[in-house]
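Visitor: I have a structure I would like to understand better, so I am pasting it below and will then ask my questions one at a time.
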Amino acid sequence: MHNVDIDLVEMSLDVIKYAIGRISDADPKLGFPKKAEELKELVGETITPAGIGGEKAFALFKDVLVKASISIDHPRHLAFVPASPTRAAVLFDLVTSATSVHGAFWLEGAGCIFAENQAMGWLVSLTGMPDGAFGVFTSGGTAANLSAMVAAREFWRDRDKSRQHERGIIITSSGAHSSIKAMAKVIDVDVVFVETDDRLEGTQVIDAIDRLSPADRARTFAVIATGGTTNAGIIDDLDGIAKACRANDLWFHVDAAYGGAALAAPSVRHLFQGIEMADSVTIDPHKWLFSPYDCGAVIYRDPQLAKKAHAQEGSYLDIFSDEATTGFNPSDYQIQLTRRVRGLPLWFSLAMHGTDRYTKAIERGIELAQIAGRLVSETDYTELVREPSLSCVLFRRIGWTPEDYRSWTYKNHKSGFALVAPTKRRDANGSETVSRFCFINPDTTEKDIKDILATMA
Ligand SMILES: Cc1ncc(COP(=O)(O)O)c(C=O)c1O
C-alpha cells in the first residue's frame, strides 16, 4: 500500500489526468443525485478484504459516483451558495494534500502556516479591524461562528465567576443563517431572534435588549449581525449594531460567511461600515473567495481572548509551548486540533493572481446580480421581489404556486441544464415561495440568465 512501484505511477497518471481534465472543463456536467439503493446496485460492494484495485475503483468513481454528485462550480448552478474555486486553488489543494503537513502547531507547520497567515492578513485588512486583530482558517462558517461564540461566552464568564454555570443568551435576527441556531444548541445558549424582513437595525437590537427581563439581560453576552444574509444578501446595520453592543457591553460578532468577500468590492464596501468595530468576524473563502472546500475563517479583534477559550492542554502538547518552537498555533484559536493547512490553496491563488483579480471576480458576481435584476424586470412573466443585494436576486414567476417552482427546479436540474432552487420570502401574510439566484461563478453569462428565465415562460 505504501510502496513506490509501477502501480503507483499508473495510478498517479490516472489521477492527475482526471484532475487536469476536470479543472480545465469550462462546462462540467451538472450531476444529479441517485438513491443509495440505486448506487449500491450500480457500484456493488467496493470495500473487500482483497480490494477491488485502483483502476476499478476509479472507474466506478468516474462512471457512476461523480455523476450522482453535483458540480458546485457549474456556471448555471445558482442555488444555495454555490462555489467557483480558481483552478490555481484547486491544483494547490492537491499540493496541500501531497505535502502532508499537520496544520495545528507552528512546530509542525511553520512554513505553511506562515503562508496561510499572509492570506489571513489580507482578509483581516479588508475588515478594517485594528492592529492586533487576526484570525484562523476553519472548516467553514459554522465552525467559525461556533469558535467565535465559544470565545465570547468564555470572555463573558471570565469577567464574572458567578456566571460559570449561567446559560447565556445571544441576540440575532430572523435572517441569520441556520448555523447560528445549530451552534447555539452545541454550546447550550438561548437565542433571541429579532423578527425582520430586511436588515437588522441597531435600534431593533436596542429594543430587543430593553425588552429582556433583568435576569435575561444579565445572561445576554453577544449579538450576531449578518454581513450578507444567505437568502437575500442583506447586510445588517453593522454600524448601529456595533454601537448598540458597545453601549451595552456585548460581544459583537459579524457572520459574513457568504458576504464577507464583498469587502474587497469597492462598489459595495460602504455597506459594511461598522464591521471594523466587531469583536469577531466570519468570512468563508470557500464561498465567494474562490477556495475549494473546505475553508472558512474566523477573525478576532483580540486573538488572546480566543486563545484563552480554545488552547488545549495536555502533557503530550507541552513541547508546542517551548521557546524554540513558538509561533502561531492555529489550534489555539478555534475548536479543532488536528487540521490540514486549509488556507494554503487560497494563499497560492492569491499570491499567483494578486488581490486585484479577486476584486474583479467578486465585482462580477455583483454585476451579474444587477444584470439578472434587469432581465427579470424586463421579462413580462417575472418580477423582482426586492432589489438585488450583493450577488443574490429574489424574484417571482407571476402566477406560480410553490409546486410550480419545485417542478421547474427539478426539470431543469434533471435535464442537466441548471440548478436554481426556490426559497421563501417572508411578508406580512406569512411567507411566499419565490425563486433565487446567487452568483459566485464569474463564468456565468448573461445568456445563461436569459436562458434560465426562458424556461419559466
Ligand atoms: C451567512 C452564513 N453563515 C454561515 C454559513 C455556514 O457556513 P458553512 O456551511 O461553511 O458551515 C453559511 C452557509 O451558507 C452562511 O451563508
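Residues checked against (1) in contact (Cβ under 8 Å) with a residue 12 or more places away in the chain; (2) within 29 Å of residue 262 (Cα to Cα); (3) over 19 Å from the mean Cα position of the chain (by Cα):
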{"site": "55", "(1), (2), (3)": "yes, no, yes"}
{"site": "75", "(1), (2), (3)": "yes, yes, no"}
{"site": "90", "(1), (2), (3)": "yes, yes, no"}
{"site": "95", "(1), (2), (3)": "yes, yes, yes"}
{"site": "108", "(1), (2), (3)": "no, no, yes"}
{"site": "122", "(1), (2), (3)": "yes, yes, no"}
{"site": "134", "(1), (2), (3)": "yes, yes, no"}
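Visitor: Which of (1) among the hydrophobic types (A, V, I, L, M, F, W, C); (2) farther than 19 Å from residue 84 by Cα; (3) in contact with a helix residue (DSSP H, G or I) (Cβ under 9 Å, 6 or more places away or on another chain) is the odd one out, the single condition residue 393 does not satisfy?
Guide: (2)
Visitor: Being surrounded by fewer than 23 Cβ atoms within 10 Å (Cβ to Cβ), more than 30 Å from residue 345 (Cβ to Cβ) and within 16 Å of the ligand (Cβ to nearest atom) is true for just one of 185, 243. Which residue is that?
Guide: One residue alone meets the criteria, 185.
Visitor: Another question, then. Restricting attention to the range 421-443, and to residues there that are over 20 Å from the mean Cα position of the chain (by Cα) and of a type in the set (Gly, Ala, Ser), which single residue is modelled with the lowest pLDDT?
Guide: 428
Visitor: Looking at residue 167 and the list (1) over 26 Å from the mean Cα position of the chain (by Cα); (2) part of a helix (DSSP H, G or I), which single condition is not satisfied?
Guide: (2)
Visitor: Exactly one condition in (1) within 15 Å of the ligand (Cβ to nearest atom); (2) in contact with a Gly (Cβ under 7 Å, 6 or more places away or on another chain) is false for residue 156; which is it?
Guide: Against the list (1) within 15 Å of the ligand (Cβ to nearest atom); (2) in contact with a Gly (Cβ under 7 Å, 6 or more places away or on another chain), residue 156 comes up short only on (1).
Visitor: If I ask for residues that are within 16 Å of the ligand (Cβ to nearest atom) and closer than 27 Å to residue 116 by Cβ, which ones from the range 74-88 would you list?
Guide: Matches in the range 74-88: 80, 81, 82, 83, 84, 85.
Visitor: Also, I was wondering about something else. If you go through the range 370-393 one residue at a time, how many are of a type outside the set (Lys, Arg) and under 22 Å from residue 427 (Cα atoms)?
Guide: 15
Visitor: Please give the strands (runs of 3 or more DSSP E) falling wholly within the range 358-457 in which 1 or more residues are among the aromatic types (Phe, Trp, Tyr).
Guide: Numbers: elements: 382-384, 392-397, 422-427, 430-438.
In the range 358-457, 392-397, 430-438 are the strands (runs of 3 or more DSSP E) which contain 1 or more residues that are among the aromatic types (Phe, Trp, Tyr).
Visitor: Checking the conditions here, which among 141, 168 is within 16 Å of the ligand (Cβ to nearest atom) and either free of Cβ contacts under 8 Å to residues at least 40 places away in the same chain or small (Gly, Ala, Ser) (or both)?
Guide: Working: 168 fails: within 16 Å of the ligand (Cβ to nearest atom).
Criteria check complete, one pass: 141.
Visitor: Would you mind finding the one in 285, 292 that is over 18 Å from residue 150 (Cα atoms), within 14 Å of the ligand (Cβ to nearest atom) and out of contact with any Cys (no Cβ under 9 Å at 6 or more places or on another chain)?
Guide: 292
Visitor: Have a look at 255, 249, 210 and point out the one that is within 16 Å of the ligand (Cβ to nearest atom) and of a type in the set (D, E, K, R).
Guide: Being within 16 Å of the ligand (Cβ to nearest atom) and of a type in the set (D, E, K, R) holds for just one of 255, 249, 210, which is 255.
Visitor: Return the pair list, or none, for Cβ contacts closer than 6 Å from residues in the range 444-457 that are modelled with pLDDT of 95 or more to residues that are of a type in the set (D, E, K, R), at least 6 apart or on different chains.
Guide: These pairs meet every condition: 448/76; 456/397.
Visitor: Related question: Give the range 171-213 a look and list any residue that's in a loop (DSSP other than H, G, I, E, B), of a type in the set (Ser, Thr, Tyr) and either in contact (Cβ under 8 Å) with a residue 12 or more places away in the chain or under 16 Å from residue 234 (Cα atoms) (or both), or say none.
Guide: If the condition is that a residue be in a loop (DSSP other than H, G, I, E, B), of a type in the set (Ser, Thr, Tyr) and either in contact (Cβ under 8 Å) with a residue 12 or more places away in the chain or under 16 Å from residue 234 (Cα atoms) (or both), then 174, 196 are the ones that fit.
Visitor: Filter the range 171-182 for residues that are away from the ligand (no atom under 11 Å from the Cβ) and of a type in the set (A, V, I, L, M) and give the result.
Guide: Correct list: 171 only.
The values are calculated or read from the model by the stated rules, or taken from the named source; none is laboratory data. Since we're looking at a predicted model, the values are computed, not measured. In this analysis, Cβ positions are derived from the backbone assuming ideal geometry, glycine residues included, and neighbour counts consider all displayed protein chains.
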